[in-house]
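This report concerns only the one structure given below.
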Amino acid sequence: MKRMPVLRHASRGVSLIEALVALAVMAIGLLGVVGMQASLRSSADNSKQRSEAVRLAQEKIEDLRAFGELELPSASTLHDYTKIVTELTPSTVVSSTTAGFSNATFAREVTVNSPTADQPRLKTVRVEVSWNDRLSSTDKRSVELFTTIAESSPELGASLGLPANLAGPQSPSGRNLAIPRSAVRGTGASSGTSVFRPPGGGGARWTFKNDSGLISQICSPSGTCTGGLAALLSGYVRFATDTVQPTPADAEMPPSSDQPVEVEVLLTYPMTITVSCYTSTPRGGYRLYYCAVPLIAVVPVGVVTYTWSGRPSIVPSTLAIASSVADASSTRYRVCRYTPEPSDTPTGGNPAHPLDYADVGTSLNNQNFLVIRAGDDTTPYTCPNDNTSTPLVNGQTYRHQPVI
């Protein structure tokens, strides 16, 4: 039998080449996976460090917020609001002991901006936590957190847990706001009234109507009582009597001791009389005055109203008042009145403390005066303007005595 010839394949060795190519592709892929793993590890490491930095920054902010008092004695080691200040050291080094952070050292820096004129009760805090990447000692990483901390009493924080009061606004003790807080509310048949004993009144008693805030009865120190209707006029007399021109800051925080003064109201309506007021004893730099000004009924168009008109002033016999606006005597004084705008007739009307009150039908509080020296024997002093660096307080004053 004749044998068939054996055919030899021309592709001998192809399987070995395919295997080598597959190994090469796999090696390249593995190299990519290794590189990706290294990148993921580096990113995870940086993420953990950044999270730790944020935690350290938040920890510092919460520590600053956790003050227990607004101000404590300087020797106290407790934390109060005044101790929220910039840390003068370059940075506070925080070596983390948390597992997984042995390769990083964090530096924490605190910067506190002082209150500004438009935000006088706020401190702005910046906390920066920085660290160096472990792969490069010059590659600095950092996170910054900013916050504001208000100068409010910590006790007020507890009020956030109280239920909201959905009732309408109410007056203190259920009576008119014009009634002095020290007035004692009546009981029983007198529950609609409050009795007030003005300081310096020697036992005098005024009975207020709780709804209108007007005085319905005046009892003298001897016990004699008269009915009728009167309105309260009250306020403070402050003093800035240094031998220099008073500044706007002096108007808001008068620096001088008080002096004996008396206040009176020169009525032009409903009758031309002088109403004497009661003035308190010294109160550490100021005196209180209280006037019960009588009202009279007016019926212009069938509606009864009760009003008075006139001018309050400090009695010249108790204080040497300057003879004129140009008087510069250092032994005399001039009286300024606190008013939101420098005018004898402010647009705010009677509550804005004009020179002359007109048709007053309600009680008026906080009609305050500032006493200053007339001058330095050469230059007459003027009533100080408002202090613009404290926009939340209006210390504007305007001449009251003498007028011309």
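The values are calculated or read from the model by the stated rules, or taken from the named source; none is laboratory data. These figures come from a predicted structure and were not determined experimentally. Glycine gets a Cβ as well: all are built from the backbone with ideal geometry, and neighbour counts include every protein chain shown. Note: accessible area is taken over every heavy atom of the protein model, side chains too, but ligands, DNA and RNA are not part of it. Shrake-Rupley method; radii C 1.70, N 1.55, O 1.52, S 1.80 Å.
Residue-by-condition table, conditions (1) within 32 Å of the chain's Cα centre (by Cα); (2) within 27 Å of G201 (Cβ to Cβ); (3) modelled with pLDDT of 95 or more:
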{"site": "Y286", "(1), (2), (3)": "yes, yes, no"}
{"site": "V301", "(1), (2), (3)": "no, no, no"}
{"site": "I314", "(1), (2), (3)": "no, yes, yes"}
{"site": "T318", "(1), (2), (3)": "no, yes, no"}
{"site": "P340", "(1), (2), (3)": "yes, no, no"}
{"site": "T347", "(1), (2), (3)": "yes, no, no"}
{"site": "D356", "(1), (2), (3)": "no, yes, yes"}
{"site": "N387", "(1), (2), (3)": "yes, no, no"}
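Every listed requirement among (1) over 20 Å from G395 (Cβ atoms); (2) surrounded by fewer than 21 Cβ atoms within 10 Å (Cβ to Cβ) is met by A231 save one, (2).
Is it the case that some residue within the stretch 46-62 is surrounded by 10 or more Cβ atoms within 10 Å (Cβ to Cβ), over 19 Å from S130 (Cβ atoms) and of a type outside the set (A, V, I, L, M, F, W, C)? The answer is yes; a qualifying residue exists. Evaluation of S182 against the conditions (1) closer than 30 Å to A358 by Cβ; (2) surrounded by 13 or more Cβ atoms within 10 Å (Cβ to Cβ); (3) out of contact with any helix residue (DSSP H, G or I) (no Cβ under 8 Å at 6 or more places or on another chain) shows that the sole unmet condition is (2). Go through the stretch 205-216 and count every residue that is in contact with a strand residue (DSSP E or B) (Cβ under 6 Å, 6 or more places away or on another chain) and open to solvent by 70 Å² or more (accessible area, probe 1.4 Å). Here the count works out to 2. Looking at this structure, is C277 over 30 Å from T390 (Cα atoms), in contact (Cβ under 8 Å) with a residue 40 or more places away in the chain and out of contact with any Lys or Arg (no Cβ under 6 Å at 6 or more places or on another chain)? Judged against the criteria, C277 is a match. Does the stretch 120-152 hold any residues that are at pLDDT below 85, assigned to a strand (DSSP E or B) and either within 14 Å of I84 (Cα to Cα) or open to solvent by 80 Å² or more (accessible area, probe 1.4 Å) (or both), and which are they? Passing the criteria: only K140.
Residue check: R332 meets all listed conditions (1) modelled with pLDDT under 95; (2) open to solvent by 40 Å² or more (accessible area, probe 1.4 Å) but one, namely (1). Residues being more than 25 Å from S257 (Cα to Cα), in a strand (DSSP E or B), in contact (Cβ under 8 Å) with a residue 24 or more places away in the chain and not basic (K, R) are represented in the stretch 310-322 by at least one member.
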